[in-house]
Amino acid sequence: MFLSPPPCPHALDLARYALVAQATLPSPALDGASALVWRAPAGGGTGTGAGTLLVLPDSGTVMVEVTFAGQQVAQMAMTNFADPEGMTVLEDGSLALSEERLGRAYRFTYAPGGTLNRNALQSIVVGPNTGTNSGSEGIAFDPRDGSFVAIKEKNPSNVFRVTGSFATGQSTYVDLFPAAGLAVADIADVYVLAASPATAIAGGPDADDLLLLSQASNRLMHVTRSGAVRASIDLASLGVNPEGVTMDDAGRIIVCADGTPSRLYVFAPTGDTGGGSGTCPCVADLNGDGAVDGTDLGVLLAGWGTASAADLNGNGSVEGADLGMLLAAWGTCP
């Protein structure tokens, strides 16, 4: 009996992403770039990747809006900040940034040509107050319920789910999963796929998942909320210190790298035949060799009963349904 390949259950496949552009950021203003967010063009996004990037350096003295070519568009001065490391867009278009040594996030509105004073901002606790360079490193807003995912960089690394209110200043944070299972030396940033301006990703089956960036291990990972790594991109060949990650409305992934000067790297899906940004027509090819075969079957069986990358239907456990999907896709990938 002929079994046609199943529809791809994942809207994001890092194996289909490749480096397509890079740029140098303005120096010295953005030396030590630590975070960035995508800003839609006037009139809203078009799904083509138009727009700009707002980049935050860890100096805490300025944030700069740039083009994808690294050209400065505008900037906003900053005062009374110590070590800002993370930034995210909130539901109403305002933003929040995290202070690493304080374990707090501050809500603000970007005003080109203006000045941002930390002492005048509402804030919430998003992690422990370490007072060191190993604290709150990244933050990502989840528009579905108003919660956040916040990162503690190292010693140890943590991936927290944060709930709270900037209006009241009250918040709580709890571990999503044991971060040690990621097997990376640190975590530099996080991105919630549900917040992606690319509708195929934000509205797809991977919306609950995260992008996690490790600076020390030079790795960008697609991770479930149970801590299973679905896929990753090795960034070591770039020879840089990746610090921040965001997405645009074309589904491209943009990484900023800390340096003097800092740099931008743009990754885009290539060879996409799955019907969306970086979608995966051959999800059962677990070892990425272009075919579904006995090796992939072995990977699936080794992960039986766990929330591993072999959880093909994304229900949180490798089981009979995943085995059926793998057998239905047996053979050379399209």
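The values are calculated or read from the model by the stated rules, or taken from the named source; none is laboratory data. These numbers come from a predicted model, not from an experiment. Glycine also receives a Cβ, built like all others from the backbone with ideal geometry; neighbour counts cover every protein chain displayed.
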The lone exception for ALA180 - which of (1) in contact with an Asp or Glu (Cβ under 9 Å, 6 or more places away or on another chain); (2) more than 20 Å from MET87 (Cα to Cα); (3) not in a loop (DSSP other than H, G, I, E, B) it fails: (1)
Yes/no for SER226 being surrounded by fewer than 22 Cβ atoms within 10 Å (Cβ to Cβ) and either closer than 27 Å to VAL318 by Cβ or touching a Phe, Trp or Tyr at 6+ places or on another chain (Cβ under 7 Å) (or both): yes
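Output the number of residues of region 91-118 satisfying the condition of being of a type in the set (D, E, K, R), closer than 15 Å to GLU153 by Cα and assigned to a loop (DSSP other than H, G, I, E, B).
So the answer is 2.
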Tally of residues being of a type outside the set (Phe, Trp, Tyr), within 19 Å of the chain's Cα centre (by Cα) and in a strand (DSSP E or B) across region 16-75: 17
Sole residue being surrounded by 15 or more Cβ atoms within 10 Å (Cβ to Cβ), of a type in the set (A, V, I, L, M, F, W, C), at pLDDT 80 or above and part of a helix (DSSP H, G or I), chosen from VAL299, VAL255, VAL266, VAL318: VAL299
Scan of region 145-172 for residues that are surrounded by fewer than 17 Cβ atoms within 10 Å (Cβ to Cβ), in a loop (DSSP other than H, G, I, E, B), polar (S, T, N, Q) and in contact (Cβ under 8 Å) with a residue 12 or more places away in the chain, ordered by number: ASN155
